[in-house]
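Here the structure is laid out as structure tokens; the discussion comes afterwards.
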Amino acid sequence: MLPIIEIVGSGVAGLCCAQAFVEKGCQVTLRSASNGIDESCCSWWAGGMLAPWCESESAEPLIFRLGQESLRYWQQHSQSMHSGGSLVLAHRRDQADIRQFAQRTTDYQELNRDQIGELEPDIDGRFDLGLHYPQEAHLNPRETLQALLDRLLASELFTAVFNERLDDQYLQSAPDGGWRIDCRGLAARDSLSDLRGVKGEMLILETAEITLSRPVRVLHPRHPIYIVPRSNDQFMVGATMIESDDRTHASARSVMELLSSAYALHPAFADAAIVQIGTDVRPAFTDNLPRLRRRGQLVYVNGLYRHGFLCAPAMAQRAVSLVLEGNIDEEVVDENHD
Ligand SMILES: Cc1cc2nc3c(=O)[nH]c(=O)nc-3n(C[C@H](O)[C@H](O)[C@H](O)COP(=O)(O)OP(=O)(O)OC[C@H]3O[C@@H](n4cnc5c(N)ncnc54)[C@H](O)[C@@H]3O)c2cc1C
């Protein structure tokens, strides 16, 4: 008989785990402090870049493998996914950075000034050298999470309880006869002592003066940014990476840096409306790699760092495999940690 599953948290980790267990035929109850899909979780603020090739410039090969697997999942599960690749650019003074980026990554096409213009006509003539990663994609995190939840709610196997903040005592033990999958993000720090926060600040700008068809990363030694196009002339501009767990506000310095980097990509951003300034804190372990940590019938899915959408579907599959088949993927499962 299949076990009963309780999931805690309705960010990308919780929803992907819920979907994975429901697909296997398990009865799943999801409990979350959030009010449905809302700004209370880190996942709400993500850019939604699905960029395993670009991320491999600085991340471990594990992220690349999980990312490729997750890309295939989102192709089937996200209607807002766009598969136009992503573009990496650098201003003339930072050409050495783009050469170095190219050396550390694979499966890109090097573009000259004219080819950049063919791909993204609105930035024609502004950059001499670019890298196009044609297999990458992006999605709108908010729409994607809502669609995942809607699909789950249509299943008889799924129940959701929102606006419920579970306390430490409750969370210490697994439900009777079943398993708990704890996907609380940074809030699980009370149980996972090596989890830390990495603050990210972002903006949503709106302008009809410029169109981009894919995410654009602009390399810079101090202020690298990316701009992800969304619908309704909106653009997500992100994101800072600061060792801090303060999610109370975005600093004036960070906002100025994000704005000036967007302006340097294209002056039309100077007249854009600032629709939103957001900040949240990415949950990360010391090596910035995601983990499944098991304690009895309790499994923590955490440490998604800057790769929540990139890795959550693949981590959810490993959680299912661990709980239902006892399979331990040693790259991600951490059995003997405190
Ligand atoms: C600015 C920014 C940009 C980013 N861009 C990207 C990107 O482009 N691509 C990418 O892959 N990743 C990106 N990320 C990273 C990504 O957002 C995170 O890795 C991901 O959101 C972590 O998801 P999670 O489900 O673990 O946590 P969360 O999304 O924080 O979800 C935690 C859930 O647990 C619930 N909860 C907490 N405590 C309790 C409790 N006691 N009881 C009940 N429920 C509880 C919360 O209410 C919430 O629903 C970005 C992050 C930031 C901040």
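For TRP44, TRP74, TRP179, write out the residues from largest to smallest accessible area, computed with a 1.4 angstrom probe and no ligands counted. Could you put the intermediate results ahead of the total?
Details: TRP44 50, TRP74 0, TRP179 20 Å².
So the residues, ranked largest to smallest area, are TRP44, TRP179, TRP74.
For the stretch 250-300, the fraction of C-alpha pairs farther apart than 18 angstrom is 57 percent.
According to the square roots a ≥ b ≥ c of the eigenvalues of the Cα gyration tensor, what is the shape class of the stretch 96-142, taking rounded for a/c under 1.5, prolate for a/b larger than b/c otherwise, and oblate for the remainder? Oblate, since a/c reaches 1.5 and b/c is not below a/b. The 1.4 Å probe gives accessible areas that order SER261, SER58, largest first, as SER58, SER261. Residues in the stretch 56-61 carry Karplus couplings, in order, of 5, 4, 10, 9, 5, x Hz; the curve used is 6.51 cos²θ - 1.76 cosθ + 1.60 with θ = phi - 60°, and Gly or Pro positions show x.
How much length is gained on full extension from THR248 to GLN95, taking 0.36 nm per residue of separation minus their Cα-Cα distance? Walk me through the intermediate numbers first.
Values: separation 153, 0.36 × 153 = 55.08 nm, distance 3.61 nm.
Value of the extension gain: 51.5 nm.
Divide the volume of the convex hull around the Cα atoms of the chain by the residue count and you get 126 Å³ per residue. For the stretch 114-129, backbone phi angles converted through the Karplus equation (6.51, -1.76, 1.60; θ = phi - 60°) give residue-by-residue couplings of 5, 5, 4, x, 5, 6, 10, x, 6, 10, 3, x, 9, 9, 8, 9 Hz, Gly and Pro being listed as x. What the Cβ-Cβ distance of ALA102 and GLN172 gives, at R0 = 35 Å and to the nearest 0.05, is a FRET efficiency of 0.10.
On average, how much area does the Cα convex hull of the stretch 110-220 cover when viewed from any direction, in nm²? The partial results should precede the final answer.
Numbers: hull surface 49.0 nm².
That works out to 12.2 nm², a quarter of the Cα hull's surface.
Taking θ as phi - 60° and the Karplus parameters 6.51, -1.76 and 1.60, the scalar couplings of the stretch 12-19 work out to 5, 5, x, 5, 5, 5, 4, 4 Hz in sequence order, x denoting glycine and proline.
When only C-alpha pairs under 8 Å and at least 6 residues apart count, what is the relative contact order of the chain, in percent?
On the way: 731 pairs, mean separation 81.5, N = 338.
About 24 percent, as a whole number.
Estimated at the nearest 10 Å², the accessible area of CYS41 is 20 Å² with a 1.4 Å probe. For the stretch 92-174, the Cα-based Rg and Dmax, in that order, read 22.8, 61 Å.
What's the angle, to the nearest 10 degrees (0 to 90), between helix 252-265's Cα axis and the longest principal axis of the chain? In the chain, helix 252-265 runs at an angle near 50 degrees to the longest axis. Dividing the convex hull volume of the alpha-carbon atoms in the stretch 1-66 by its residue count gives 116 Å³ per residue.
Hey, how much of the P(r) for the stretch 1-142 falls beyond 27 Å, as a percent of Cα pairs? Before the final figure, lay out the partial values.
Values: 3679 of 10011 pairs.
So the pairs more than 27 Å apart make up 37 percent of the total in the stretch 1-142.
Given a 1.4 Å probe and the protein chains as shown, TYR305 ends up with an accessible area of around 40 Å².
The values are calculated or read from the model by the stated rules, or taken from the named source; none is laboratory data. Note that the structure is a prediction, hence the values are computed from the model and not measured. In this analysis, Cβ positions are derived from the backbone assuming ideal geometry, glycine residues included, and neighbour counts consider all displayed protein chains. Keep in mind that these areas ignore ligands, DNA and RNA; they rest on the heavy atoms of the full protein, side chains included. Shrake-Rupley method; radii C 1.70, N 1.55, O 1.52, S 1.80 Å.
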